[in-house]
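Structure record follows, encoded as structure tokens.
The values are calculated or read from the model by the stated rules, or taken from the named source; none is laboratory data. Predicted model, so just to flag it, every value in this text is computed and none were measured. Only protein heavy atoms, including side chains, enter the accessible area calculation; ligands, DNA and RNA are left aside. Shrake-Rupley method; radii C 1.70, N 1.55, O 1.52, S 1.80 Å.
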Amino acid sequence: MTAKKIPVMSAVVEVLKSEGVDTVFGCPGAAILPLYKAFEQDGSSIEHLIVRHEEGATHMADGWARTTGNVGVAIGTSGPAGTNMITGLYTAMADSIPIICITGQAASNKLHQEAFQAVDIVEIARPVTKWAVQVKEAAQAPWIFREAFRIARSGRPGPVLIDLPIDVQRQEIVWDASIDAPLPLAKVEPQLPRVERALDLLLAAERPLLLSGGGVIIGEAHEELVELAEYLNIPVQVTLMGKGSIDESHPLFAGMTGIQTSQRYGNASFLESDLVLALGARFGDRHTGDLDTYRGTRKFIHVDIEPTQLGRVFEPDLGIVSDTRLFLRALLDAAKRRGTRRAPGAWTTRVAELRSTLTRRDDFDDVPIKAPRVYREINAAFGPDTYFVTAIGLYQIWGGQFQRGGHPRRYQVCGQAGPLGWEIPAAIGVKKALKSADPDAEVVGVVGDYGFQFLVEELAVAAQYNIPFVLIMLNNEYLGLIRQAEIGYDMNYEVDIHYDAFGSDNVKIMEAYGCQGRRVYEPGDIADAIEWARKEAAASSRPVLVEIMIEREANTAHGIRIDAVKEFEPLPEPAEA
């Protein structure tokens with residue numbers, strides 16, 4: 001049977017569908033219209049959301065990808081559309097999130113003539129993508145898209161940019177979708193001698209820790225993580241990106257280490273450890289702080305699917321290239337073959353003691369409201385199945401310190417790049433990702449007052465397409481994280497954004513987009529406001545804001561070494577013996 005010629009962009013749409021894409025986020029423009037024509041003619045099962053800014057499209061695709069584990073797709077036209085996508089590509093690259101950005105482009109024969117909105121987006125995007133490519137021959141298009149999905153998913157996941165000149169988009173090719181399929185992915189399995197060596201080191205250690213990074217979430221290795229921890233009775237810590245990989249009420253949970261997002265008992269447990277098995281973690285500088293303190297005399301085993309991550313920050317005692325799930329399964333099998341199941345001992349008892357004693361207060365009744373109280377109310381209001389998105393600022397640090405993580409993929413944070421404004425578009429992407437699997441799942445964005453306005457226009461997308469979620473804003477009318485950083489320079493300069501009664505009227509901003517909001521001044525009113533917002537979001541199918549006016553110049557606990565984190569709030573009274 002001879003395959004017939006079809007528009008090349010129709011072939012691309014067929015590829016998108018077969019790769020599991022059911023939603024795309026984009027902004028049409030003249031240089032990408034053949035692709036949009038293919039969507040229209042397909043009567044596609046792929047839903048398209050019109051964004052208000054192309055950066056918003058990338059963050060929506062990002063949130064969709066973090067939730068589904070599949071490849072998110074953002075679409076824009078030529079020129080500024082592509083350059084507007086760079087921050088989203090960088091964010092996805094930094095956090096190992098698989099997305100594909102599709103850009104339109106001027107005609108191939110005009111690219112050297114400075115044609116309207118013609119820019120070399122491939123070269124611009126190359127440093128922040130796993131692959132950036134321009135389709136030069138129409139017949140290559142479906143194969144380039146297949147390879148883009150393979151690259152985005154394989155190894156350490158990440159973003160790809162595909163640039164489509166308008167003349168290429170207009171052509172026809174021979175294509176038969178009925179005999180096409182996604183390209184296979186290679187498994188990255190551990191070398192068994194290295195697995196055995198890792199087990200030797202774990203069994204020889206007196207005070208070992210498992211450190212669960214984002215690679216455990218991405219690799220769907222959370223069940224194997226807990227099984228190993230329970231079999232060998234090893235306490236588990238998480239990084240910020242690994243939050244949710246173990247239930248934080250689990251008796252072996254040992255908190256989070258860091259100079260910002262950390263618990264007191266987490267740092268203390270880490271400092272007393274003598275071996276750390278790091279799984280899919282990249283040893284970020286906000287986690288390690290001063291490296292000499294972090295490394296100490298303890299041994300490190302570093303497992304990562306990306307070979308170039310090993311030794312990037314410091315040389316481990318043992319490096320292992322592997323998918324985290326395959327490694328943990330191999331390690332469990334090796335431990336069971338040896339019959340080395342361990343009972344709880346002095347080390348697990350010590351970690352539990354630190355966890356029960358080295359805590360922080362969140363029960364403040366002060367006015368203005370202290371931020372830890374906000375997270376106390378969030379923890380009380382929402383269960384472990386709630387999806388949270390949060391970005392960068394003091395509220396990210398408070399969140400890491402006080403907010404309980406739920407199940408895997410429920411606590412979503414742009415950990416390395418930290419783009420302001422990420423939460424609203426990310427929340428849209430998360431909610432659309434759940435439209436079939438869990439349409440009633442709650443999505444909550446925890447935001448700051450400054451970053452809220454960076455991509456606030458994407459509220460219009462949520463309103464237009466009836467996408468409900470709750471926004472909880474911690475408003476100190478400051479660039480709070482930068483004000484805190486300025487303490488070391490003995491200044492408080494150009495970070496105060498207060499004017500009039502409370503600066504920008506964020507409730508009225510919500511109303512301008514057809515949404516609702518409520519402002520809270522008293523800690524006792526937070527719970528009622530959150531409950532109102534949950535009900536109103538469900539009833540209206542639109543975002544609802546709870547704006548909480550917090551203490552203006554509060555600081556998070558922070559430092560430059562994990563053994564010297566400065567506390568700025570009163571600590572709990574020691575329990576009586």
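Tabulated results
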read-out	value
Shape of region 333-432, Cα gyration tensor, a/c cut at 1.5	oblate
Prolate/oblate/rounded call for region 20-105, Cα gyration tensor, a/c under 1.5 rounded	oblate
Under-5 Å amide H pairs with ALA132, H placed in peptide plane, nonlocal only	LEU161
All lysines inside 20 Å of LYS4 as judged from Cα atoms, apart from same-chain residues fewer than 8 positions distant	LYS17, LYS37
Karplus (6.51, -1.76, 1.60) ³J(HN,Hα), θ = phi - 60°, over region 198-208, in Hz, Gly and Pro reported as x	4, 5, 4, 5, 4, 6, 7, 6, 8, 9, x
Carbon and sulfur %, accessible surface of region 358-436 computed with the full protein complex present, 1.4 Å	44
Accessible carbon and sulfur surface of region 51-116 relative to its total accessible area, %, 1.4 Å	53
Three-way shape call for region 1-158 based on the alpha-carbon gyration tensor, with the a/c threshold at 1.5	rounded
Convex hull of the chain built on C-alpha atoms - directionally averaged projected area, nm²	28.8
Solvent-accessible area per residue for region 110-209 (1.4 angstrom probe, square angstrom)	54
Per-residue ³J(HN,Hα) for region 264-270, Karplus 6.51 cos²θ - 1.76 cosθ + 1.60, θ = phi - 60°, Hz, x for Gly and Pro	4, 5, x, 4, 5, 5, 4
Heavy-atom accessible area per residue - region 416-493, 1.4 Å, Å²	34
Probe 1.4 Å, protein heavy atoms only - accessible area per residue of region 240-337 in square angstrom	35
For VAL188, distant residues with modelled amide H under 5 Å away	ASP323
